[in-house]
Amino acid sequence: MKQDRILVIDLGSTKNTDIAREIRSLGVYTEIHPHDLTKEELDNLDNVKGIILNGGENRVVDGVEIDASEALYNYGVPILSVDHKGSDKWPEDREEFIGLLERFVFDECKAEKNWNIDNFIKEQVKVIQDTVGDKKVLLALSGGVDSSVVAALLIEAIGKNLVCVHVNNGLMRKGESEEVVSVFGERLGENLIYVQAKDRFLSKLAGVAEPEQKRKIIGNEFVYIFEEEARKLNGIDFLAQGTIYPDIIESGTKTVKAVKSHHNVGGLPEDLQFELIEPLKMLFKDEVRACGLALGLPESMVYRQPFPGPGLGVRCLGAITEDRLEAVRESDAILREEFKKAGLEGKVWQYFTVVPDFKTVGVKNHQRSFEWPVIIRAVNTVDAMTATIERLPYELLEKITDRITNEVAGVNRVLYDLTNKPTGTIEWE
Ligand code: XMP
């Protein structure tokens, strides 16, 4: 069954995403599109029931006030114009705002409430089966939320024609690679290729202290390894990626400049030609999580906090050494355990530890010690562009400090980072 669709047209609003999310939470499927959609592009979209012209402060592009295309005005479905060419803004009052959306979507557009995760999974399984047929699909399975949900969805759709490569770069959190194996080992059998590449990564990183260079080495090494594994396999036609809707929105529309460019597995050589499949590309993060749960993934995997591609590598500051990397990993595990016990898991957006590359003097077991400090970072954010620190209770900070200084080898001090973003970024490198 095809879902009814409402189009949110970006005419310079900063609230496209919020509007789209509200409509989806009413149970109706919606997508954000640029203002200059052509008739052909519109004709390729099924079941369009209504169009919202969503104007806003970025309405002037290159000195010209943008307007929706003729094709949009002439499409013949109800149109709601907000903050565009003199029309009213969205009501400030939440109840009025939701009321307006409901009247438009249900009374005027007569859209059906048929957007939900079970329907999404059913539809995607069919789309994937029709696209892939009996060919094979390759997926880089990091164990993060997005790639894990793609894996679960593809297993549902094509079973043993999915091949996953998990590269353990030695920069994963404690227990992370093990979880990938325990969750997917049985489902994938020999189609889960586990590459233990810790030594390879660490030797490439040895002595490298500059953050951007570290990131580049980690990113490139991953591509080399993934490429080597892909070459060993025969008859793979498709590459799956865990791209999600915010990645696409953030990559920039015509009125909003790109925030970040996203390359999940960027940089594969041109002679390795795959067709891309990105089954989550229209889902918001909370919908991705709901999809993962519906496909039977454990909560620990689905509600995992964000984790940077270069992993613990950018939390072991400066030139990475194995002993300091271990201090990052162990202190991070303690921090996560204590946050969980304190009921903060899932409440604080991101929390982790950092180990700098200097030592300080302390006293341990009645003797002088000369060891590293551990820095705790805990922040809340909506979009990771700005962030504020979490006001952690002192009792919790003291408990964590006590455990880290007693249990983690080579550490005699714990600090708490009080810096918002800006001026600090969330990560330290
Ligand atoms: P910053 O440090 O820029 O981080 O404030 C914002 C968010 O992005 C995450 N982050 C990354 N994620 N690859 C990623 O996939 C990366 O290279 C990367 N660097 C930072 C960071 O953890 C935070 O959630």
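The values are calculated or read from the model by the stated rules, or taken from the named source; none is laboratory data. Please read all numbers here as calculations on a predicted model, not as lab measurements. Virtual Cβ from ideal backbone geometry, glycine too; neighbours counted across all protein chains shown. Surface areas here come from the heavy atoms of the whole protein model, side chains and all, with no ligands, DNA or RNA. Shrake-Rupley method; radii C 1.70, N 1.55, O 1.52, S 1.80 Å.
Among the residues of region 1-32, the ones that are in a strand (DSSP E or B), surrounded by 22 or more Cβ atoms within 10 Å (Cβ to Cβ) and on the phi < 0 side of the Ramachandran plot come to 8 in all. Taking the conditions exactly as written (among the β-branched types (V, I, T), within 16 Å of the ligand (Cβ to nearest atom) and under 30 Å from L45 (Cβ atoms)), does V314 satisfy them or not? When the stated conditions are applied, V314 does not pass them. Taking the numbered list (1) touching a residue at least 12 places away in the same chain (Cβ under 8 Å); (2) in a helix (DSSP H, G or I) in turn, H84 passes all entries but (2).
Listed residues N58, N74, N47; which is touching a residue at least 60 places away in the same chain (Cβ under 8 Å), out of contact with any Phe, Trp or Tyr (no Cβ under 8 Å at 6 or more places or on another chain) and of a type outside the set (A, V, I, L, M)?
Values: N74 fails: touching a residue at least 60 places away in the same chain (Cβ under 8 Å); N47 fails: touching a residue at least 60 places away in the same chain (Cβ under 8 Å).
Being touching a residue at least 60 places away in the same chain (Cβ under 8 Å), out of contact with any Phe, Trp or Tyr (no Cβ under 8 Å at 6 or more places or on another chain) and of a type outside the set (A, V, I, L, M) holds for just one of N58, N74, N47, which is N58.
Restricting region 222-243 to residues that are in contact (Cβ under 8 Å) with a residue 24 or more places away in the chain and farther than 15 Å from K136 by Cβ leaves a set whose member that is most open to solvent (accessible area, probe 1.4 Å) is F222.
Could you check how many residues of region 148-164 are surrounded by 24 or more Cβ atoms within 10 Å (Cβ to Cβ) and either free of Cβ contacts under 8 Å to residues at least 12 places away in the same chain or not in a helix (DSSP H, G or I) (or both)? The number of residues fulfilling the criteria is 2.
Out of the residues in region 165-194 that are part of a loop (DSSP other than H, G, I, E, B) and not aliphatic (A, V, I, L, M), state the one that is surrounded by the fewest Cβ atoms within 10 Å (Cβ to Cβ). Spell out how you get there, then give the answer.
From region 165-194, those part of a loop (DSSP other than H, G, I, E, B) are 169-175; that's our starting set.
Now drop any that are not not aliphatic (A, V, I, L, M), which leaves 169-170, 173-175.
On the way: N169: 25, G170: 21, R173: 20, K174: 17, G175: 14.
Selected residue: G175.
Is it the case that some residue within region 374-389 is surrounded by fewer than 17 Cβ atoms within 10 Å (Cβ to Cβ) and at positive phi? It would help to see each step written out before you state the result.
Initial filter on region 374-389 (surrounded by fewer than 17 Cβ atoms within 10 Å (Cβ to Cβ)): 380-383, 385-386, 388.
So of that shortlist, the ones also at positive phi come out as none.
For region 374-389, residues surrounded by fewer than 17 Cβ atoms within 10 Å (Cβ to Cβ) and at positive phi: absent.
Give region 345-369 a look and list any residue that's in contact (Cβ under 8 Å) with a residue 24 or more places away in the chain and not β-branched (V, I, T), or say none. Result: E345, G346, W349, Q350, Y351, F352, P356, D357, G362, K364, S369. Note on region 195-211: among residues that are free of Cβ contacts under 8 Å to residues at least 40 places away in the same chain and assigned to a loop (DSSP other than H, G, I, E, B), the one that is most open to solvent (accessible area, probe 1.4 Å) is E210.
Of the residues making up region 37-74, those that are in contact with a helix residue (DSSP H, G or I) (Cβ under 8 Å, 6 or more places away or on another chain), open to solvent by less than 70 Å² (accessible area, probe 1.4 Å) and not in a strand (DSSP E or B) are L37, T38, L42, A71, L72. When each of R413, R391, R377 is tested for being touching an Asp or Glu at 6+ places or on another chain (Cβ under 8 Å), closer than 30 Å to D18 by Cβ and among the basic types (K, R), the lone residue that passes is R377. Residues that are out of contact with any helix residue (DSSP H, G or I) (no Cβ under 7 Å at 6 or more places or on another chain) and at pLDDT below 95 do not occur anywhere in region 323-339.
Just to be sure I understand the filter: pairs with C-beta atoms under 8 Å, separated by 6 or more residues or on different chains, first member in region 87-110 and in the same structural domain as V77 (by TED's automatic domain parsing), second member of a type in the set (S, T, Y) and open to solvent by 100 Å² or more (accessible area, probe 1.4 Å). Which pairs pass? Note: no pairs meet the criteria. Residues of region 352-373 that are open to solvent by 10 Å² or more (accessible area, probe 1.4 Å) and either within 16 Å of the ligand (Cβ to nearest atom) or of a type in the set (D, E) (or both): D357, E371. On the stretch given as region 266-302, residues that are exposed (fewer than 15 other Cβ atoms within 10 Å of the Cβ) and within 15 Å of the ligand (Cβ to nearest atom) total 3.
Could you grab me the full set of residues in region 376-427 that are outside any loop (DSSP other than H, G, I, E, B) and either touching a Gly at 6+ places or on another chain (Cβ under 7 Å) or within 16 Å of the ligand (Cβ to nearest atom) (or both)? Matches in region 376-427: I376, R377, A378, V379, N380, A387, T388, I389, N412, R413, K421.
I'm trying to understand the selection: among the residues of region 75-125, which are of a type in the set (F, W, Y) and either crowded, with 17+ Cβ neighbours inside 10 Å or more than 30 Å from V60 (Cβ to Cβ) (or both)? Can you show your working first?
Step one: list which residues in region 75-125 are of a type in the set (F, W, Y), which gives 75, 90, 97, 104, 106, 115, 120.
Those that are of a type in the set (F, W, Y) and either crowded, with 17+ Cβ neighbours inside 10 Å or more than 30 Å from V60 (Cβ to Cβ) (or both): Y75, W90, F104, F106, W115, F120.
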